[in-house]
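The numbers here are math on the coordinates, done by the rules we state, and not lab data. This is a predicted model, so every value here is computed, not measured. So basically every Cβ, Gly included, is an ideal-geometry build from the backbone, and we count neighbours across all protein chains shown.
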Amino acid sequence: MSGLLAATALLGLLPLTAYAQMTSREGIELQNQIMDLKQQLSQVQSGGGSSSVLAPPVAQGTPQTSGASGDLVAQLVDRVNTLEEQQREMRGQIEDLTNQLKEKSASLSKQMSDMQFAAQNGGGAAAGGAAAAAASSHATSSSSHDEAAASTPANYLKAGHDALLKRDYAGAQENAESAIAHGKGATKVDGQYLLGQSLAGQKQYRQSAVAYYDAYRSSPKGTKAPFALLGVSASLISLGDKKAACQALDKLKTEFPSAGEQVSHSASVFRKKASCS
């Protein structure tokens, strides 16, 4: 999905690139013409008018005079000047196009980052929304900072999940970030997923989408990956970007066609919410 969006963005840059290449070729052709004309001019000047290159037509029976040679030199000089002026203009156009290409490239890079977020950060939002909904039915909020006293990533995760169930989303976020900072492999992925859930609980949907996508990207074939994609779609729905949410759900269907009942049911619910085709 992100590849399709990136290709779409690149299409906007192709016409400008093609035109820049075309302009560059025209500039080279002009340069060649100028070199040829300068050669001809040199021959005429050194040969005293003996060169017949680009000589003006002369009536039959009328001998070529030094005036004709002078006219030829004048014509060549004028043409060289004209072509050099065209070359200067062409260089200016190429410079402008080069600057435009640089600006387009920078803009494209930003667009691709934004689209990557929109298209791929929908995984954990659904899971985050589900976690937030489940958490709302549990006991009242309470700080879990003391529970995170143990410095192991596993303990941070446990404390974070406990905080999530108590709707202490800020505490869950803090523990999730600690698990990410100190954990590796699956533990780090779990921390990224927990971070998405805690941010979704705080209605920070854009950030939760990023966290869910990080969880998916870190382990695209792992057990958390389909839930992370669900979270991305749910976050995008909450942000009002239904089109990107549907793309995230399509990615989920393509990459995990045999996902479990829980994932399939959630995906079906989100498809209806996003009005996916």
If you go through L249, L165, the only one that is in contact with a His (Cβ under 6 Å, 6 or more places away or on another chain) and at negative phi is L165
Condition first: under 16 Å from T223 (Cα atoms) and of a type in the set (K, R). Now tell me which residues in segment 246-274 satisfy that. K251, K253
Filtering segment 181-201 down to residues that are surrounded by fewer than 16 Cβ atoms within 10 Å (Cβ to Cβ) and either over 20 Å from N155 (Cβ atoms) or among the basic types (K, R) (or both) yields K184
